[in-house]
Amino acid sequence: MQAVQAKQRAADKRKAWMIYGTGGAVIASIIAGTSLVVVGEVQQREKATAEAARPVEGEKDFPGQSRNHTREPVNYPVNPPTGGDHAPVWTNCGIYTTPVEPTRAVHSLEHGAVWLTYRPELPKAQIAELTSLAGSQDYLLLSPVTDQTSPITITAWGKQLSVDNSNDKRLAQFINKYSQGPQTPEPGAPCTGGIQG
């Protein structure tokens, strides 16, 4: 009888070790898997932060611009403007096929919008590509600008990049970096509820 009980206890111990061992292995694999996910997310965040800190090749800086509201015309030093005094009401973000009022567009820049502009004579295929790029963005204005020097210019408050072609990868990089970016004087301010065009 004692031998049977001893065998039973030994079998119970083996069963308990198997249950605890399997449970421990499952818990260890869950912890390891979670750790890999967390480490991967941290690495992605660090990569995104490093990418955001790197300037976009060819961008120009326009620091120290005024931010006064005015109903008077403003003579901006660059076309399209990168900031400065502007209209009291902003232009709603969106896609425009005709030029927008620069003083209202500058107010949109102050709210964190990016303004993607092109010469009116840009080929239709390139305008279509710019429209596609702009279509999914909340804080973006797309419009033609008469007499701008470059075929395509992208502007944020105090930042500007000019490119020759709509498939230039720096356009998306600029949008990702500066839409509601660190240069925004009024982050979180609306890009809707203003004026169309």
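The values are calculated or read from the model by the stated rules, or taken from the named source; none is laboratory data. Just so it is clear, the structure is predicted and the values come from calculations on it, not from any experiment. Please note: Cβ atoms are built from the backbone with ideal geometry, for glycine as well, and neighbour counts cover all protein chains shown. Just so you know, the surface numbers come from the protein's heavy atoms only, side chains and all, with ligands and any DNA or RNA stripped out. Shrake-Rupley method; radii C 1.70, N 1.55, O 1.52, S 1.80 Å.
For the reader, a short list of remarks on this structure follows.
The rows are residues; the columns are (1) over 35 Å from the mean Cα position of the chain (by Cα); (2) open to solvent by 100 Å² or more (accessible area, probe 1.4 Å); (3) modelled with pLDDT of 80 or more.
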{"residue": "17", "(1), (2), (3)": "yes, yes, no"}
{"residue": "23", "(1), (2), (3)": "yes, no, no"}
{"residue": "33", "(1), (2), (3)": "no, no, no"}
{"residue": "37", "(1), (2), (3)": "no, no, no"}
{"residue": "52", "(1), (2), (3)": "no, no, no"}
{"residue": "62", "(1), (2), (3)": "no, no, yes"}
{"residue": "73", "(1), (2), (3)": "no, yes, yes"}
{"residue": "81", "(1), (2), (3)": "no, no, yes"}
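- Condition check for residue 106: within 19 Å of residue 195 (Cα to Cα), surrounded by 22 or more Cβ atoms within 10 Å (Cβ to Cβ), aliphatic (A, V, I, L, M) and in contact (Cβ under 8 Å) with a residue 60 or more places away in the chain: no
- In region 88-103, of all residues being touching a helix residue (DSSP H, G or I) at 6+ places or on another chain (Cβ under 8 Å) and hydrophobic (A, V, I, L, M, F, W, C), the one that is most open to solvent (accessible area, probe 1.4 Å) corresponds to 95.
- One residue from 175, 195 being within 22 Å of residue 65 (Cβ to Cβ) and touching a helix residue (DSSP H, G or I) at 6+ places or on another chain (Cβ under 7 Å): 195
- Residue 103 vs. criteria closer than 21 Å to residue 191 by Cβ, assigned to a loop (DSSP other than H, G, I, E, B) and either modelled with pLDDT of 95 or more or of a type in the set (Gly, Ala, Ser) (or both): no
- Verdict on residue 132 being small (Gly, Ala, Ser) and either out of contact with any Phe, Trp or Tyr (no Cβ under 6 Å at 6 or more places or on another chain) or open to solvent by 10 Å² or more (accessible area, probe 1.4 Å) (or both): yes
- Any hit, region 157-171, residues being within 12 Å of the chain's Cα centre (by Cα) and either over 24 Å from residue 76 (Cα atoms) or of a type in the set (Phe, Trp, Tyr) (or both): no
- Close pairs (9 angstrom Cβ cut-off, 6 or more residues apart or separate chains): at pLDDT 95 or above and in a loop (DSSP other than H, G, I, E, B) in region 152-164, open to solvent by less than 10 Å² (accessible area, probe 1.4 Å) and acidic (Asp, Glu) anywhere: 157/110
- Qualifying residue in region 176-194 (condition: surrounded by 13 or more Cβ atoms within 10 Å (Cβ to Cβ), of a type in the set (A, V, I, L, M, F, W, C) and farther than 18 Å from residue 86 by Cβ): no
- Total residues in region 109-129 satisfying the condition of being polar (S, T, N, Q) and either in contact with a Gly (Cβ under 9 Å, 6 or more places away or on another chain) or open to solvent by 20 Å² or more (accessible area, probe 1.4 Å) (or both): the figure is 1.
- Only one entry in 184, 155, 146 is closer than 15 Å to residue 59 by Cβ, polar (S, T, N, Q) and out of contact with any Cys (no Cβ under 9 Å at 6 or more places or on another chain), namely 155.
- When residue 132 is tested against (1) under 25 Å from residue 169 (Cβ atoms); (2) hydroxyl-bearing (Ser, Thr, Tyr); (3) in contact with a strand residue (DSSP E or B) (Cβ under 8 Å, 6 or more places away or on another chain), only condition (3) is not met.
- The sole residue among 138, 147, 168 that is closer than 19 Å to residue 93 by Cα, open to solvent by 20 Å² or more (accessible area, probe 1.4 Å) and part of a loop (DSSP other than H, G, I, E, B) is 138.
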